[in-house]
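K.L.:
Would you mind keeping the following structure in view while I ask a few things?
What follows draws every value from the coordinates through simple rules; no lab data is involved. Since we're looking at a predicted model, the values are computed, not measured. Here Cβ is always computed from backbone atoms with ideal geometry, including for glycine, and neighbour counts include all displayed protein chains.
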Amino acid sequence: MFLTHLDTRVIEGGKFRLLAELHYLAAINHFFDYLIRVPIGFETDFASIPRGLRWLISQNERHRKAAALHDFLYDRQGEMGSLFMLSREQCDRIFLDAMKDCQVPIWKRNLMFWGVRIGGWKRWNQNSKNS
């Protein structure tokens with residue numbers, strides 16, 4: 001569940017910079033919730049939607065908060081501090097849950113979830129090379 005609102009400013013290159021922290025309480029499993037804090041200054045593109053699908057899913061829809069959160073999780077490769085790591089699959093499941101919290105229609109959130117499950121490995125691995 002999101003605990004704060006999304007506050008961003010457009011910057012060059014089709015990206016957006018967070019002007020306030022974005023807080024999300026993620027249900028990691030049945031026993032454990034984790035507060036994820038996306039920091040001020042984090043940059044997101046909201047969703048890397050292939051050009052051929054932009055007629056179906058725009059960058060600027062209800063999923064923006066969930067996409068900013070997911071970008072942050074991928075940017076950190078699931079590292080939530082020295083004691084806690086999320087797998088890529090857990091990051092993608094958090095994205096799915098967050099889209100539900102944002103009231104993204106089920107067909108659209110499933111399409112976006114499977115898009116990141118199938119194609120997200122490239123961005124995930126790209127971030128490991130930049131570390």
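K.L.:
Placing +1 on the Cβ of each Lys and Arg and -1 on the Cβ of each Asp and Glu in the chain, which of Gly78, Leu35, Val116 has its Cα farthest towards the positive end of the resulting dipole?
P.N.:
Val116
K.L.:
Length gain on complete extension for the stretch Asp45 to Asn29, per 0.36 nm per residue less the alpha carbon to alpha carbon distance?
P.N.:
Full extension from Asp45 to Asn29 adds 2.9 nm.
K.L.:
Kindly provide log₁₀ I(q)/I(0) values, in the same order as q = 0.16, 0.20 Å⁻¹, from the Debye equation applied to equal alpha-carbon scatterers of the chain.
P.N.:
-0.78, -1.29
K.L.:
Between Ser87 and Met1, what length comes free when the chain is fully extended (0.36 nm per residue of separation minus the Cα-Cα distance, one decimal in nm)?
P.N.:
Full extension of this stretch gives 29.0 nm more.
K.L.:
Additional query: Pick from Phe113, Phe72, Phe32 the residue whose mean-square fluctuation is largest in a GNM of the chain, springs joining Cα atoms under 10 Å.
P.N.:
Judging by the Gaussian network model, the answer is Phe32.
K.L.:
When the helix-only estimate is applied to the chain (DSSP H runs of n ≥ 4, each -39,500 (n - 2.57), divided by the residue count), what is the mean residue ellipticity at 222 nm, nearest 500 deg cm²/dmol?
P.N.:
Result for the chain: -12000 deg cm²/dmol, rounded to the nearest 500.
K.L.:
Separate question: Tell me, what ³J(HN,Hα) does each residue in region 82-99 have, in order and in whole Hz, if you take phi through Karplus 6.51 cos²θ - 1.76 cosθ + 1.60 with θ = phi - 60° and put x for Gly and Pro?
P.N.:
5, 9, 8, 10, 9, 6, 4, 4, 5, 4, 5, 5, 4, 4, 4, 4, 5, 5
K.L.:
Something else about it: Lys65: which aspartates and glutamates have alpha carbons under 15 Å from its alpha carbon, excluding same-chain residues fewer than 8 sequence positions away?
P.N.:
Straight-distance partners of Lys65: Asp7, Glu21, Glu43, Asp45, Asp92, Asp97, Asp101.
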